[in-house]
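One structure, as structure tokens, below. Some questions next.
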Amino acid sequence: MSVSNLLTLPSVSNVAPGNTATIECPVGGHTYDKIHIEHSVGGVDRIERIECLINGKVFQTFRSATWLRKLNEYRNITQANNIITLHFDMPHLRQLNDIKSFGVGTADVTNFHIRIVLASNASNPTLKATAQVSQVKPLGLINIIRSFPISTSVAGKVDIDNLPKGARILAIHLEKSGISHCEVKVNNTTYYEASNALNTLQLQQATPRPRDPMTNIYSLDFTTQGTPAGALITEGVRDLRLKPTVSSAGSIEMVVEYWGLLGSA
């Protein structure tokens, strides 16, 4: 497996308050393991949205830089002030081959870029992007991150039955205070079921990198043994349901991490 090197990405355009800045990532010669974005915007909360696109298709979406930092903290990944990092290589896995397999290969990619939405009150914003790259490979399987807002008008057990299927699911994060229990059913058979306390313990005992559970977020993580082999298979599944038990009505922000080909989720 090749050693990673750092590469400054020279093209960062449209950096101004209220704009959508764009980072162009050269293709054809690198696999992108991660991208570090050094920022001066007056506070990380002034980066309102981040989208990663390959061949014009969004494959990762973060509703804010704050959420991206929260996800990295959950994975116990070291972070620095004024730097946000997109980890495509899944460093919380066990085997180097698995970690590297998630890198964004560009041998067969036409274009790859990052869109960053800056708040209107961003203060004299500047962005600098540096990529950790390794030997080029075809795109292959990648980590796809999508968000789905859910609303429930009642407390108690909620039935979520509209998750997109096709790619495998690495993790599901349900953001709402007061989730006491969750069940996953596949074709009417219980696949996973745990109280919030038991699920939290499962996350904290993950190997080789324990998770740091996020406040008011119930995370279903199928990679706690350090391998993507535990991912939930959805291809060919007729019925897939999440059944969280909530203490109150209201919105649930659901973030799903898939493992699949571009456009498969």
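Convert each backbone phi in region 203-218 into a coupling constant with the Karplus relation 6.51 cos²θ - 1.76 cosθ + 1.60 (shift: θ = phi - 60°), then list the ³J(HN,Hα) values in order as whole Hz, x for Gly and Pro.
Once θ is set to phi - 60°, the couplings for region 203-218 become 5, 5, 9, 4, 10, x, 10, x, 7, 10, x, 7, 5, 6, 10, 9 Hz.
Normalise the Cα radius of gyration of the chain by 2.2 N^0.38 Å (N = residues in it) and let me know the number.
Details: Rg = 18.5 Å, N = 265, 2.2 N^0.38 = 18.3 Å.
The chain yields a ratio of 1.01.
What does the helix-only formula give at 222 nm for the chain: each DSSP H stretch with n ≥ 4 adding -39500 (n - 2.57), the total divided by the residues, and the result rounded to the nearest 500 deg cm²/dmol?
Details: 3 runs with 25 residues, N = 265.
Helices in the chain give a 222 nm mean residue ellipticity of -2500 deg cm²/dmol.
Over region 156-223, what percent of the accessible surface lies on carbon and sulfur atoms, probe 1.4 Å? Don't skip to the answer; put the middle values down first.
Numbers: 1310 of 3000 Å².
Within region 156-223, the accessible surface is 44 percent carbon and sulfur.
What do you reckon, how do 30, 173 stack up by accessible area (1.4 Å probe), largest on top? Kindly include the intermediate steps, with their values, before the conclusion.
Numbers: 30 55, 173 0 Å².
Solvent-accessible surface, decreasing: 30, 173.
Right, another one. Stretched out fully, how many nm does the piece from residue 135 to residue 107 gain, at 0.36 nm a residue minus the Cα gap? Could the numbers behind the result be given before it?
Working: separation 28, 0.36 × 28 = 10.08 nm, distance 0.98 nm.
Extending this stretch completely gives an extra 9.1 nm.
Quick check for you: with a 1.4 Å probe and neighbouring chains kept, what is the accessible area per residue of region 16-170, in Å²? Before the final figure, lay out the partial values.
Working: 6320 Å² over 155 residues.
Spelled out: the 1.4 Å probe surface of region 16-170, per residue, equals 41 Å².
Might you report the magnitude of the Cβ-based charge dipole of region 52-148 about its Cα centre, with Lys and Arg at +1 and Asp and Glu at -1, to the nearest 20 debye? Don't jump to the answer; show the numbers that get you there.
Values: 11 positive and 4 negative charges, 36 e Å.
About 180 debye.
Nothing charged except the Cβ atoms of Lys and Arg (+1) and of Asp and Glu (-1): what's the magnitude of the dipole of the chain about its Cα centre? Round to the nearest 20 debye.
The dipole magnitude comes to about 40 debye.
Let me ask another. Between residue 151 and residue 216, how many nm apart are label points set 7 Å from Cα along the C-beta direction?
The answer from the label model is 1.8 nm.
Still on this structure, I have one more. Quick one: net charge of residue 45's neighbours, Cβ under 15 Å, K/R +1, D/E -1? Walk me through the numbers on the way to the answer.
On the way: positive: 46, 49, 63, 69, 70; negative: 48.
Net charge around residue 45: +4.
Of all the accessible heavy-atom surface of region 1-154, with the other protein chains kept in place and a 1.4 Å probe, what percent is carbon and sulfur? Working shown, then result.
Details: 3140 of 6630 Å².
That share works out to 47 percent.
Can you list the lysines whose alpha carbon sits under 28 Å from that of residue 165, skipping same-chain ones fewer than 8 residues off?
Cα-Cα hits under 28 Å: 34, 57, 70, 100, 137, 157, 176, 185, 243.
Would you mind checking the radius of gyration and Dmax of region 197-265 based on alpha-carbon positions, in Å?
14.0, 37
Provide the packing ranking of 196-202, 96-102, i.e. peptides ordered by the mean count of other C-beta atoms within 10 Å per residue, highest first. All intermediate terms of the calculation are to be shown ahead of the outcome.
Details: 196-202: 14.4, 96-102: 16.9.
Sorting 196-202, 96-102 by mean packing, highest first, produces 96-102, 196-202.
The values are calculated or read from the model by the stated rules, or taken from the named source; none is laboratory data. Remember, it's a predicted structure, so these values are computed and weren't measured experimentally. No Cβ is skipped: glycine too gets one built from the backbone with ideal geometry, and neighbour counts run over all protein chains shown. Remember, those area values only see protein heavy atoms, side chains included, never the ligands or the DNA or RNA. Shrake-Rupley method; radii C 1.70, N 1.55, O 1.52, S 1.80 Å.
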